[in-house]
Amino acid sequence: MNPAILAIVVIFTPLVAFATAMLFCMKAHRIAQGLILGGGAVSVVGAFLLLLGGPSETQSIVWLSSGSLELSFGFMFDGLSLSFGAVVALITFLVQVYSIGYMHHDPAKTRYFALLGLFGWAMLGFVYAVDLLQALIFWELVGLASFFLIGFWYEKPSASAAARKAFLLTRIGDTGLLIGILLIINISGMAHIPALLDAETGLTTMVSEGTLTLLVLLIFMGIMGKSAQFPLHTWLPDAMEGPTPVSALLHSATMVAAGVFLFARLHPLFMASETAILVVLCIAIFTALMSATIAMVETDLKKVLAYSSIGQLAFMLAALAAGGLLAGILHLILHAVFKALLFLCAGSYIHHFETNDMREIGRRGGRRMRWTTAGLVIGGASLAGLPPLAGFFSKEEVLASLSHGGYHLIWFLALFAAFLTAYYTFRMVFFIILPDRPLEADATVHDSSPVILGPIIFLTIATVLGGLILGPLAAILLLDVPHHSLLSMLPAILCALAGVFVAWWDFGRSRATRRGFVGAVPVLHRLFSRKWYVDDVYQAVFARFIQLMATVLHRVEVDLLDGGADRLADVTRWTGGWTARLQSGWVQAYIASGVVVVALAGYFLGSR
Amino acid sequence: MGIPILSLILLCPVLATAAVMLVPAGRDQMVRWISVAFSLLALILSAIVWMAYDQTVGGLQFEEIVPWVPAVGITWHMAVDGFGVLLVMLNSLVWFTGVLTMWSLAYRVKEYFAFMTLLVVGVYGVFMTQDLFLLFFFYEIAVVPMYPLILIWGSTRKEYAAMKLMLYLLVGSALLFPALLAIYHVAGLGTFSMVELGRHTFGIEFQKFVYPFVYLGFGVLAGMFPFHGWSPSGHVAAPSAVSMLHAGVLMKLGAFGILVVGIRLLPEGATYWAPLFAVLAACGILYGAFVALRQTDFKFVIGFSSVSHMGIVLLGLNLGVLGVASADAFNGAVFQMFAHGIMTALFFSTVGYIYDKAHTKTISDFGGLGSQMPRAVTIFIIAGLCGAGLPGLASFWAELLVFLAAMKTYPILGAAIVAGLVLTAMYILRVFQQAFFGPRNPKWDGLTDMVGWELLPRAILVAVLILFGFFPNLILGLIDPTTQILMEGF
Amino acid sequence: MSLSAFLLVSLVLFSAGLVAIMSRRNLVTILVGIELMLNAASINFMAFNYYTAVDPVVGQIIVLVIIGLAAAEVAIFLSILMVLYRARHDVDVEEIREIRG
């Protein structure tokens, strides 16, 4: 089958399902649910068929042309698109299945499922996009779906505020992205990705390195927004206001990975600019450390996971910037799997206990939900980078690419971040499986329903076996599988184990203080629990600045422009009133003035 | 010459006005049906014109030339190019949906529809005529009915708003009329035909002198910063369908006038003044967005967003004149005229609905309206997202093209305007959050959502936005040949 | 008698009429003033007609027209006066300022 037709089916089936559900099934929840799930299933099958078909030629048609702008619409079928597309379709489908159970009692189910369909369409459209503008369009649509899904429970003020914040912060990044793309179109006259990447005729041959740095950094702004890198990261923890399956799908596994995906897509451009690489590395490593430190003191289960997503995305970006294309993509895919798993487990707890506080979940018997807890432990171990789970392989590749690239300081900091990751992950695990007081015999705790457990079990297995995809992935990306000696893996393994051990010391053992070692330094603890004051700075500086500008200009409008016009009208009216007074109505005065005028006129005319 | 289809389109509102006035008092339903029938007829005819317009050739088509006052060279010369076809379609759409929006009007129905269709006559005339005198004639016909429409059927500070609108627009006309006469006189051709005048090359000093009059005269109607003051207060005071026509098509008359009189007849004057006016337009874009952030009334937010969005049109026109990326800029500007017209029509139609039910337009009075009026809110959100330039909706392409030209011509200015998109998102999201999201407000529990035919006009507009959001080539294919011809003038 | 003598008489008459119009408050006196001014004009016409005109008929026609006009004017003026008096019981111009701006 022609891959383009298959791709159209993969991408547009969710859209059709979305439109049908929104237009005709607002009351018929079950039909809407079935439609969206059917669409999701079609996408999965199609995406895997595409993946099995292997890489093939890019296909595109001209969508519009106007002057210097020519937008093509089409699909790329290289290893990157195919593999990530399959992962996106699969996780979307799993989350949709999971949502049947999770959203069972929600009265607005149709809207929820329809939005998942919208998201699936936008995300898949982005993954296969062949044109930068086409990618941008779907990128924005993904953001739109994210906006609606974060604010799904729009009656909660915190949810709608979080949705707005997410939209605005990503919009700030997207502004940079849009400017970058417009500049690229203006410079090169095209936005066709394969043509831009071409080593002989592509963008790198057209511009100086300085310009290229500017361009890729502008694009990186968009990536920072979407993939929640410092300083545009603050929306992601807030986005946890959305339903948990949404957090699993959008805000950890797929949508936030879109930024990393774009980076991987434009990898050769970034590689051509030393400065850009350094900037990306610095931002990524700082983000990784910062998010890990905040996660160390956070008690909200979903927020811990959100910060870990930020950190792992930073790892991917660091790997890609250091030249490790395979490492970055591998971590992208495997992270999607195990982070989705962690979120689905978190959702399972939250659904049951109706709280996000992991200490309370532990105290009330979270560990009695055995399947869920197994998933959480395995997912957590994978996140911590313990062998032989998926996360171990990919994190190992990331660290190796950093040290291969010669960025030893960054490598060292990344190791430290990996240690912190292991630490806070197992802090979370121990909070749940080893609560600080013995469990009461509470018979009401039972594991979730099969539709919730099914995806969890599936992803657990995928997490265990995930390391196996390294070979095939390298093959489809046409890259070599690097070989690492056991010795070079040792630091990473030790760091992970150290993290787990310290977590056990602080939180797991029976005489643990459960305060964590940061608690010993109150300054740091305050810094971390206030999230490094980033939000406060935004509030104090940017929000206030915009409000001030708006107020000033509003005054200008009311007092100066409108007021000016009103004053002008007043002056006219006043002049009219004043001149009207000349019309005294006293006839004899009129006559007198007439006589005077005639006399004067006669005098002046006569004297000429 | 075949069927004079343009005159037929123009005849629709003329006949509608006459017919509405002849309806005996008290037969309101008949008035509504007459209006809707004629507007539907005009819509169909406009669609036929769109279909029949030969896009491969471009240029003026469907010409009708009948001498009218030969002594001074006034001719009944109707013809449309790609721009005209698009804008005639816009007017038909807004008229039709506007009539449906005002279906439930109960106060002095007959007079209302008579004035409204009169306004439509003027707008059609401006978009179709190729005669400078007739252009001004129709322009005034379009402007004058606004005064009674706002004064009689308006709300918030309606006397003030109507007077202000009238004064601003008459000042514009006062600048315009001498300029048009000067063009007629200096050309010395003894004709008002814009085709003939377009062939004549005016002296460069004359162009430099007259162009600002034309630009400012039309610019006032286009909501040009800093002479936009009439527009937001006019929007707020006017009844829904008048706001729709006002923001949807009337403001486009100004931009269209700048294009066909200013730029086409006085290209060198336009080039001379373009940098200044481009900067002013850019200021307007950002200024409108900032001021919209502070508004407390739904309609004021939309009013200032119109100032901001019309800034994009004006910016596009000026960038087109500058010639670095003319095709993109002109296409973007004309596309934006259409997209913004549909979008604001949708905005006002929906806000009008909410206002009719809740009798308030103050944003902070609402909260959680999404629970009570999901459909109305969804439609408003679609319009809002279109305003924020979201892909998949028509405005995106228009803004993209103008931004592209701006980045090419003035990179810094262009970047600033693109960054202004964040502001747009801010004021739109602020409305969403304050009015539609949040806890359900029991005060509005009694409100009924749109049903059946109430959805129809809004659904049509939404469909148009989405259609051209995904298939922009339908519009670009129509206007691009005309843009190419326009660019040959430079 | 020379032309200037006639002109002098007409000037005196005209001035008297003007003064009457500008200074008197009673509308009837003002009417008399207007009549005086019209007659002054008639005298001027006849004087010029007699001394300088090529075709003396023209001046006589104009004077006849002026007399006719004056008669009509008086008729209208008096009727307005009557109405005014009936409405206001007063014909003082100082008091009638309906058109004051």
Using the count of nearby Cβ atoms within 10 Å as a rough guide to exposure, how do B:H77, A:H29 rank from fewest to most?
A:H29, B:H77
Give me the inter-chain shielding for A:457-467: mean count of other chain Cβ atoms within 10 Å, whole number please.
0
Less than 16 Å apart at the alpha-carbon level, and either on another chain or at least 8 residues along: which aspartates and glutamates does that give for B:K158?
A:D562, A:D566, B:D297
Count the net charge of all other residues whose Cβ sits under 12 Å from the Cβ of A:W505, scoring Lys and Arg as +1 and Asp and Glu as -1.
+4
Tell me, what is the FRET efficiency for B:M30 and B:S155 to the nearest 0.05, using R0 = 25 angstrom and their Cβ-Cβ distance as r?
0.40
Starting from the 7 Å offset along Cα-to-Cβ, what nm value, one decimal, do you get for the label separation of B:L456 and B:Q55?
2.9
Can you give me the angle between helix A:450-465 and the longest principal axis of chain A, using Cα atoms only, in degrees from 0 to 90, rounded to the nearest 10?
70
Spacing of the two label points (7 Å from each Cα toward its C-beta) at B:T362 and A:L49, in nm
5.9
Kirkwood Rh, Cα Rg: Rg to Rh for segment A:171-211?
1.01
Could you sort the peptides B:420-433, B:349-362 by per-residue average Cβ neighbour count (10 Å cutoff), highest mean leading?
B:420-433, B:349-362
On a full-extension model of 0.36 nm per residue, what is the gain between A:Q539 and A:Q588, subtracting their alpha-carbon distance, rounded to one decimal in nm?
10.3 nm
What average number of partner chain Cβ atoms lie no more than 10 Å from the Cβ of the residues making up A:588-599?
2
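Return the FRET efficiency for the residue pair A:F517, B:Y147: r is the Cβ-Cβ distance, R0 is 60 Å, and the value is rounded to the nearest 0.05.
0.20
Other chains' Cβ within 10 Å of B:467-473 residues: what's the mean?
2
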Using θ = phi - 60° and the Karplus form 6.51 cos²θ - 1.76 cosθ + 1.60, what ³J(HN,Hα) does each residue of segment B:134-150 get, whole Hz, x for Gly and Pro?
4, 4, 5, 4, 5, 4, 5, 4, 6, 7, 4, x, 4, 4, x, 4, 6
Starting from the Cα gyration tensor of segment C:3-88, take the square roots of the eigenvalues, sort them a ≥ b ≥ c, and report rounded, prolate or oblate (rounded when a/c is under 1.5, otherwise prolate if a/b is larger than b/c, else oblate).
oblate
Segments B:157-166, B:281-290 sorted - mean Cβ within 10 Å per residue, highest first
B:281-290, B:157-166
Note on the protein assembly as shown: the mean projected area of its alpha-carbon convex hull, in nm², is 61.1
In nm, give the distance between the simple-model label positions of A:F604 and B:F209, each being 7 Å from the Cα along the Cα-to-Cβ direction.
2.7
In deg cm²/dmol and to the nearest 500, what is the mean residue ellipticity at 222 nm of chain A if only DSSP H runs of at least 4 residues count, each as -39500 (n - 2.57), divided by the residue total?
-23000 deg cm²/dmol
Where does helix B:455-470 land angle-wise versus the long Cα axis of chain B, in degrees 0 to 90, nearest 10?
50
Rg to Rh, two decimals, where chain B supplies the alpha carbon set and Rh follows Kirkwood:
0.95
If packing is taken as the mean number of other Cβ atoms within 10 Å per residue, what is the order of B:310-319, A:521-530, highest first?
B:310-319, A:521-530
Compute the helix-to-body angle for A:132-150: its Cα long axis versus the longest principal axis of chain A, expressed 0 to 90° and rounded to tens.
80
Per the C-alpha gyration tensor (a ≥ b ≥ c, the square roots of its eigenvalues), chain A is rounded if a/c is under 1.5, else prolate if a/b beats b/c, else oblate; here it's prolate
Dipole moment magnitude, nearest 20 debye, the protein assembly as shown about Cα centre, only Lys, Arg, Asp, Glu C-beta charged
3120
Loop GluC sites (Glu not before Pro), segment A:355-455 (other Cβ atoms within 10 Å of the site Cβ: 10 or fewer; DSSP)
A:E440
Within segment C:29-55, which residues have the backbone N less than 20 Å from the label spot 7 Å out from C:I62 along Cα→beta-carbon, could you tell me?
C:34-55
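So how do A:T355, A:T293, A:T444 line up by other beta-carbon neighbours within 10 Å, fewest first?
With the sparsest Cβ surroundings first, the list reads A:T444, A:T355, A:T293.
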Computed curve, segment A:538-606, Cα-only Debye sum without solvent term, log₁₀ I(q)/I(0) at 0.18 Å⁻¹, is -0.83
One finds, for B:R199 and A:V62 with R0 = 45 angstrom and r their Cβ-Cβ distance, a FRET efficiency to the nearest 0.05 of 0.80
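None of the figures in this text is laboratory data; all of them are computed from the coordinates on show. Everything numeric in this text was worked out from a predicted model, so none of it was measured. In this analysis, Cβ positions are derived from the backbone assuming ideal geometry, glycine residues included, and neighbour counts consider all displayed protein chains.
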